[in-house]
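The values are calculated or read from the model by the stated rules, or taken from the named source; none is laboratory data. Because the structure is a prediction, the values reported are computed rather than measured. Counting neighbours? That spans all protein chains shown, and the Cβs are built from the backbone with ideal geometry, glycine included. For the accessible areas, the whole protein counts, side chains as well, though only heavy atoms, and no ligand, DNA or RNA atoms are used. Shrake-Rupley method; radii C 1.70, N 1.55, O 1.52, S 1.80 Å.
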Amino acid sequence: MASLAATDALELKGGETRLDPLIRNNPFPFYRALRQQDPVYYDPGIDVWLVTRYEDAVAVLRDDEAFSLEHGYQDRYANGFIDEFAAILDRDGGGFIRDLALDPPAHTRIRRLTEKAFTAHRVKALEPRVRQITIDLIEKVADRGSAEGMADIGGPLTAQFICEQLGFDWSEVGTQKVAVWTKAVLDQIGRMQDREDMLQNAREMCELQNYIIRYIEEREQHPREDMISDIVHAELADGENPRLSRQEQIATIRAFVIAGNDTTASAIVNLLLVLATNPGLAEELYPQVDDDRVMMRFVEEVLRIQPPVHGL
């Protein structure tokens, strides 16, 4: 596995950007060059500073005052189209609601409330359902002898699972709809949409938010054993604002739909890529498949060398 991380460093000539297709498709030589030659690098294409050494990244992430998430993230949301985008969401989507990218102590309150959706009872019950969905998906492609990692396994596995946990009707939603919603939300922070993309994304986000609002209103009156019910009825015993506001409920559920799906699906597909491109690795791991220690280390190593997200 160690050889997978080895790569030559790119020769920096100035002006390199993550938007360059050659760098996008294989960014690791670029990353190594930055760490070695220019660890705090201004990327002109995406107009952000890239901090690439571990110690520096930790220093940034731990300093909420100098490096506020509420500015660094929120100020770039729907970059260039924020007024028109917000007006569409206000008019047709139940309101323009920003992501819950917050600094402490506001983030601490949100986290305490949303943690109530992950009760010990529910977490314990997750594995059998994940296993069954996985079996169903693999059986569909086993006889075929081949599969497209994202379309056949990663995407539908994570999309179906998170929707079922939230309480959505999976037959109503489906993998493709979750993929469309995911792209619409992520494009607001990806900084690569033009106006036509923005208008289409706004329509998709209106549909997503209206769908979420429908479930929130139903669960307010008729709670069930699902995460939306937990989020709607979560309450702290101390402090101000002990319950999530309607906007916070929508933003939280929207985040679970996207973050609970996209990153996990990408991680699964990267794991399949590592297995498929390293001869003998699957055969080496198969006899140890029931050894949790070995499997956890394997997964952690894949997350290190082929992460589903390349920046925060």
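Points to keep in mind about this one:
- Kirkwood Rh, angstrom, segment 190-232 [1 / mean 1/r, Cα pairs]: 12.1 Å
- For the chain, the share of accessible area belonging to carbon and sulfur comes to 53 percent (1.4 Å probe, ligands and nucleic acids excluded).
- Sorted from longest to shortest, the spans of the Cα atoms of segment 1-96 along the three principal axes equal 52, 32, 31 Å.
- Alpha-carbon spread of segment 20-64, three principal axes, descending order, Å: 33, 21, 16
- 25 °C / 0.890 mPa s Stokes-Einstein diffusion coefficient of the chain, Kirkwood radius on C-alpha pairs, µm²/s: 112 µm²/s
- Each peptide in 19-30, 193-204, 173-184 gets a packing score, the mean of other Cβ atoms within 10 Å over its residues, and the list from highest to lowest is 173-184, 193-204, 19-30.
- Only helices enter the 222 nm calculation for the chain: every DSSP H run of n ≥ 4 contributes -39,500 (n - 2.57), and dividing by all residues gives -18500 deg cm²/dmol, rounded to 500.
- All alpha carbon pair distances within segment 116-273 were sorted into 5 Å bins beginning at 0; the resulting P(r) in whole percents reads 1, 8, 16, 19, 19, 16, 11, 7, 3, 1, 0, 0.
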